[in-house]
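*Asks:* Have a look at the structure that comes next, please.
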Amino acid sequence: MNNITDKAVFLVTGGAGFIGSHFVDTAIKHGHKIIVLDKLTYAGNRDNLSKAEKTGNLTFVKGDICDAKLVAKLLSQHQIDAVFHLAAESHVDNSIAGADIFIQTNIVGTHILLQECRQYWESLPADNKGLPAGRHFRFIHISTDEVFGTLQEEDAAFTEQSPYRPNSPYSASKASSDLLVRAWVHSYQFPAIITHCSNNYGTRQHGEKLIPTIIRNALQGKKIPIYGDGRNIRDWLHVQDHCAGLYLAYQKGEIGESYCFGGNNEWRNIELAKKICALLDEIAPKDTAYHQQITFVDDRKGHDWRYAIDSTKAKQNLGFVASNEHDKFLRKVVEFYYDLYR
């Protein structure tokens, strides 16, 4: 167990986003005070933090991780004990259409954050036991399984030992940021940990993502677009399970290590779309079945065939276990978006 405390103050970058806001809720439940730094791009929503703000344990700051002076100020002013770095441009299609913002935010932004956090960490005083300065500080860098490239159906799932083979500008930018973190650990003994997750699902996800798109288009009587033949496979991890894993990485993770969090819940895109449509048939029945709106569209450029994660290391070293109640969780997610889009 690391020398940490449940009274530690967290800086969460991208905390108004989908995963970030759920992690804020998780951390507050554990008794932490949270500083959220979020630029509030189209993918960030202040309303995602409404529940957390009512607790009085959240301070929201609108700003950019590329603003070095602001980052330095927040670290010092709030005496930050751990940084959870979730701020990122994340939509693959957008990265293919234009990669510039992905390079700026995901690579340059991570570099600036690392620089300021390192300087802050090195300035922390040693405790009264004479241990090294800043021993309590942690930098948790949240990445993706997409940095590992693609799998075929017969391939073993990704692990922490999988080679980096990114296939989109998005995944390349995330791989680059991972390597920066790794370099800071080995060059400066910086106390960082890297995590990788499979596809997240849950409430508050931006409407551009697959599950909200299926539900929104279904309810609006529009075509439900599915890339290619719909046979691409994704491993779906509930966002609250992911956030539990991130907190375990903070509590028990070893500096310089990486941990993979997966849902053990693989679905072909077409199968998932039909499952959601079947739930909508129950929740909001109409004259025709929703699955009749499914339409196959031109495949995404460089579309990865399959993602899957082996969470064995996280289970053995951190105690991470993903829920097996995916049917219950998916129904709740569909009900959430039904209320949002109806």
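*Asks:* What does a probe at residue 41 reach in region 57-84, counting residues whose amide N is under 15 Å from the point 7 Å along Cα→Cβ?
*Replies:* Correct set: 63-67.
*Asks:* Right, another one. What relative contact order, as a whole-number percentage, does the chain give when Cα pairs under 8 Å and 6 or more residues apart are counted?
*Replies:* 18 percent.
*Asks:* Given 10 Å bins starting at zero, what is the percent of C-alpha pairs of region 91-206 in each, up to the one with the largest pair distance?
*Replies:* It works out to 12, 36, 31, 15, 5, 0, in whole percents.
*Asks:* Go ahead and run the numbers for FRET between residue 323 and residue 229, Cβ-Cβ distance against an R0 of 25 Å, rounding to 0.05.
*Replies:* Using R0 = 25 Å, I get an efficiency of 0.25.
*Asks:* Once you have the alpha carbon radius of gyration of the chain, what is it after dividing by 2.2 N^0.38 Å, with N set to its residue count?
*Replies:* For the chain, the normalised Cα radius of gyration comes out at 0.99.
*Asks:* Out of all DSSP beta bridges with both ends in the chain, state the antiparallel percent to the nearest 5.
*Replies:* 10
*Asks:* About the Cα centre, and with charges only on the beta carbon of Lys, Arg (+1) and Asp, Glu (-1), how big is the dipole of region 123-245? Nearest 20 debye, please.
*Replies:* With only Lys, Arg, Asp and Glu charged at Cβ, the dipole is about 520 debye.
*Asks:* Oh, and also: Report, in cubic angstrom per residue, the convex hull volume of the C-alpha atoms of region 193-342.
*Replies:* It is 108 Å³ per residue.
*Asks:* Still on this model: Quick one: net charge around residue 67, please, counting Lys, Arg +1 and Asp, Glu -1 for every other residue with C-beta under 11 Å from its C-beta.
*Replies:* +2
*Asks:* Same structure, new question: Tell me which residues come under 5 Å, amide H to amide H, from residue 259 once H is placed; ignore anything under 5 positions away on its chain.
*Replies:* Close amide H contacts, sequence-distant or interchain: 194, 195, 196.
*Asks:* Run the dipole for the chain about the Cα centre, Lys and Arg Cβ at +1, Asp and Glu Cβ at -1, nothing else charged, and hand back the magnitude in debye, nearest 20.
*Replies:* 760
*Asks:* Further question: State, to one decimal in nm, how far the label point of residue 101 lies from the label point of residue 208, with both points 7 Å from Cα in the Cβ direction.
*Replies:* For residue 101 paired with residue 208, the spin-label model returns 0.6 nm.
*Asks:* For the chain, what does the helix formula give at 222 nm: sum of -39500 (n - 2.57) over DSSP H segments with n ≥ 4, over the residue count, nearest 500 deg cm²/dmol?
*Replies:* Mean residue ellipticity at 222 nm (helix-derived): -11500 deg cm²/dmol.
Read-outs throughout are calculated quantities, based only on the coordinates presented, and are distinct from any laboratory measurement. Just so it is clear, the structure is predicted and the values come from calculations on it, not from any experiment. Please note: Cβ atoms are built from the backbone with ideal geometry, for glycine as well, and neighbour counts cover all protein chains shown.
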